[in-house]
Amino acid sequence: MKRTTRTDTPRKKPGTALERQIGKYFDFLRLQKQVALNTFLSYEFDLNRYRGFLSAAGVTNASDVTDDHIGGFLQHLHRQNLAPKSAARTLSAVRGFHRFLVGEDDSIDDPTQNTESLKRTKTLPQVLTVNEIDRILAQPDTREPLGIRDRAILETLYATGMRVSELVNLKQSNLMFDSGLVLVYGKGSKERLIPIGTSAREWVERYQRGSRQIYAKKGKSEDYLFLNARGTRTTRQAIWDIIKKYGHAADIRKSVHPHTFRHSFATHLLEGGADLRAVQEMLGHADISTTQIYTHIDREYLKEVHRTFHPRG
């Protein structure tokens, strides 16, 4: 289902108490917690699904929700064949909503407090080998201005492991190349410093000296680092298209997207002996358990080596 993006147009005044309560929670997420746009849209999508279920059950006030309603909602998600990860995310949004209402004295009880968190199936992200990364990096035609830009984008993604949303918002003033660092603004506008290697620095500087000056337009480009041919900052979709294009050109049979570079960055660091907490800091993970997924990837690699080369594998 296609999600609509948030706009600055005023929301239609909600009618039922439930709608007002959800609207109040949305305001809390946007104005006080200042969650990232993508995070807000996920909450909005999940809670609108929840509101639809409650409305169909005749519930017009969140304070009337019971344990049975929560159980019924989870069964409803199961009947819709929702993936375990999506169902767990939806339950998390519902739980956050009810806890907010208790904290605001809009509700006495939290009906989700006796509901166990859904177990998410751990799916290991797909990772490229160093050789596959090298093959993709070699694809842009660096005789052309766009090719130089694309090579700089690919090098930066692999050198820093930053998210695609962080890449498109990266500004020239965020580059601290004298110190070998890049300043990135991540989720919730949290800033972090990420080391960037020599190869990426050289390609970015080459791009700044040439291609960027060709595309930059007064009043359009501002200080954004990576620009499109119109002189505005590149979009998330454009980065996806660039990576898909070069992944195909390099004859990579795996699914390749911006996050693949992030996964590969983390995995290659850990395989090289990097400390888990250092990788957590570079990735900008609030919880180290999120980073630990890459230790599972490393174990899978070790098992594959054992199967391939051990006489009794």
Checklist line | Cα pair distances exceeding 21 angstrom across the stretch 17-103, given as percent | finding: 26 percent
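Grab the DSSP H runs of the chain that are 4 residues or longer, score each as -39,500 (n - 2.57), total them, divide by all residues and round the 222 nm result to the nearest 500 deg cm²/dmol. Don't skip to the end; give the middle numbers.
Values: 14 runs with 167 residues, N = 313.
Here the helix-only value at 222 nm equals -16500 deg cm²/dmol.
Report the percentage of all Cα-Cα pairs in the stretch 91-179 whose separation exceeds 16 Å, rounded to a whole percent.
Details: 2851 of 3916 pairs.
So the portion of pairs separated by more than 16 Å is 73 percent.
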Notebook entry, point to check: Quick one, what does Rg over Rh come out to for the stretch 130-309 if you take C-alpha atoms and the Kirkwood Rh?
Noted result: 0.98
Notebook entry, point to check: Rg and Dmax of the stretch 140-210, using alpha carbons, in Å: what are they?
Noted result: 11.8, 39
Item checked: Prolate/oblate/rounded label for the stretch 78-231 (Cα gyration tensor, a/c 1.5) -> prolate
Item checked: Backbone HN-Hα couplings from phi across the stretch 16-22 [Karplus 6.51/-1.76/1.60, Hz, Gly and Pro as x] -> 6, 4, 4, 5, 5, 5, 5
Next item on the list: Go ahead and set up a Gaussian network model of the chain, Cα springs under 10 Å, then flag whichever of Glu155, Glu202, Glu116 fluctuates most.
Entry: Glu116
Notebook entry, point to check: Can you give the angle from 0 to 90° between the axis of helix 84-103 and the longest principal axis of the chain, with both taken from C-alpha atoms, to the nearest 10?
Noted result: 60 degrees
Margin query: Tell me the angle of helix 236-249 to the major Cα principal axis of the chain, expressed in degrees between 0 and 90 and rounded to the nearest ten.
Written below: 50 degrees
Check: So how compact is the chain: Cα radius of gyration and Dmax in angstrom?
Finding: 23.0, 70
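Report the calculated FRET efficiency for Asp178 and Val102 (r = Cβ-Cβ distance, R0 = 41 Å), to the nearest 0.05. Write out the running numbers ahead of the final one.
On the way: r = 51 Å, r/R0 = 1.23.
So the FRET efficiency works out to roughly 0.20.
Bear in mind these aren't lab numbers, they're just calculated from the coordinates by the rules spelled out. All of these numbers come straight from a predicted model, not from anything done at the bench. Here the Cβ is made from the backbone with ideal geometry for all residues, glycine too, and neighbour counts use every protein chain on show.
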